[in-house]
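Worksheet: the structure to be examined is printed underneath.
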Amino acid sequence: MRPGIPLTEKLGRVFTALAGEVAQQIDVEVRGEITEYDVKVLELAALKGVFTDIVEDRVSYVNAPLLAAERGTAVRLVLDSESPDHRNLITIRGTLADGSQISVSGTLIGISQKERLVEVNGFEIDIEPTEHPAFFTYADRPGMVGTVGGILGDAGVNIAGMQVSRRDKGGEALVALSVDSAIPAETLAEIETAINAASVRAADPV
């Protein structure tokens with residue numbers, strides 16, 4: 001259980017970055033062998049991560065549920081012993097005010113229990129979560145990865161990991177990034193314009 005707690009907090013931060021607002025409904029879905037245990041703490045860890053970048057005050061396992069209630073966010077813990085693709089899988093799924101859904105999933109792999117992000121909004125990925133994740137969606141076409149990398153390089157932002165995921169050739173694509181420092185807001189805006197992005201999201205833009 002213990003290795004899943006920091007992973008779930010990171011998933012919560014990624015969820016907030018993707019949502020860009022407070023969700024009306026949040027489901028913390030836990031799948032796999034871990035459901036044999038009391039996983040209530042993972043629900044608290046998810047809420048702590050979700051609200052860490054929303055409120056100025058320190059967020060704890062004690063006040064996180066209160067913060068959700070104050071903002072009208074309904075929270076549900078969903079358990080499923082079946083996990084087809086991973087031994088254990090934690091997903092935070094939420095519904096926003098306009099009815100759209102946001103989801104992010106993570107797992108732990110190997111003997112050392114390394115943290116991995118494995119899904120974002122239905123896109124399959126495999127990347128290590130860091131303090132400063134970023135996600136760009138755009139119409140799949142050549143040259144976009146180089147464009148993103150060049151702009152980040154000019155801004156002095158070092159890429160720790162990058163992955164491109166797409167459902168169909170020429171369809172919508174997702175670039176998932178882990179970087180060593182927060183991406184400046186003006187750099188995010190430059191990337192959005194350069195790749196004609198449908199969505200640009202990052203945790204802790206400065």
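Laboratory data are not the source of any read-out in this text; all were calculated from the coordinates shown. As the structure is a computational prediction, the values presented were derived from the model and not from experiment. Because the Cβ atoms are built from the backbone with ideal geometry, glycine has one as well, and the counts that use them run over all protein chains shown.
Where nothing but the Cβ of Lys and Arg (+1) and of Asp and Glu (-1) is charged, how large is the charge dipole of region 3-66 around its Cα centre, in debye to the nearest 20?
140 debye
Tally Lys and Arg at +1 and Asp and Glu at -1 over the other residues with C-beta under 11 Å from the C-beta of residue 116: what net charge comes out?
-2
Stretched out fully, how many nm does the piece from residue 196 to residue 66 gain, at 0.36 nm a residue minus the Cα gap?
Contour length minus Cα-Cα distance gives 42.9 nm.
Quote the charge dipole size of region 67-130 about the Cα centre in Debye, to the nearest 20; the model charges only the Cβ of Lys and Arg (+1) and of Asp and Glu (-1).
200 debye
Using the Cα centre of the chain as origin and beta-carbon charges of +1 (Lys, Arg) and -1 (Asp, Glu), tell me which of 185, 142, 95 is placed farthest towards the positive end of the dipole.
The residue sitting most towards the positive pole is 95.
Which FRET efficiency, nearest 0.05, do residue 141 and residue 85 yield, Cβ-Cβ r, R0 22 Å?
The calculated FRET efficiency here is 0.15.
Using only Cα atoms and rounding to the nearest 10 degrees, what angle (0 to 90) does helix 4-19 make with the longest principal axis of the chain?
It is inclined by approximately 50 degrees.
Taking the dipole about the Cα centre of region 65-202, with the C-beta of Lys and Arg at +1 and of Asp and Glu at -1, give me whichever of 79, 195, 175 is farthest to the positive side.
The listed residue farthest towards the positive side: 79.
Short version: ³J(HN,Hα) in whole Hz for each residue of region 159-165, in order, from phi by Karplus 6.51 cos²θ - 1.76 cosθ + 1.60 (θ = phi - 60°), x for Gly and Pro, what are they?
8, 8, x, 8, 9, 10, 10
Would you calculate a helix-derived [θ] at 222 nm for the chain, using -39,500 (n - 2.57) for each DSSP H run of n ≥ 4 and dividing by the full residue count, to the nearest 500?
-8500 deg cm²/dmol
How tilted is helix 40-52 with respect to the longest principal axis of the chain? Cα atoms for both, answer in degrees (0 to 90, nearest 10).
Approximately 40 degrees, to the nearest 10.
Test of understanding: what is the full-extension gain from residue 186 to residue 97, defined as 0.36 nm times their sequence separation minus their Cα-Cα distance?
That works out to 29.4 nm of additional length.
Assign unit charges at the C-beta atoms only (+1 for Lys and Arg, -1 for Asp and Glu), then state the dipole size of the chain relative to its Cα centre in Debye, rounded to the nearest 20.
Computed about the Cα centre, the dipole is about 220 debye.
For a test of understanding, tell me how many lysine pairs in the chain have Cα atoms under 19 Å apart, given they are 8 or more places apart or on different chains.
Number of lysine pairs found: 4.
Which peptide among 184-190, 115-121 comes first, and what is the full order, when sorted by highest mean count of other Cβ atoms within 10 Å?
My ranking of the peptides, most packed first, is 115-121, 184-190.
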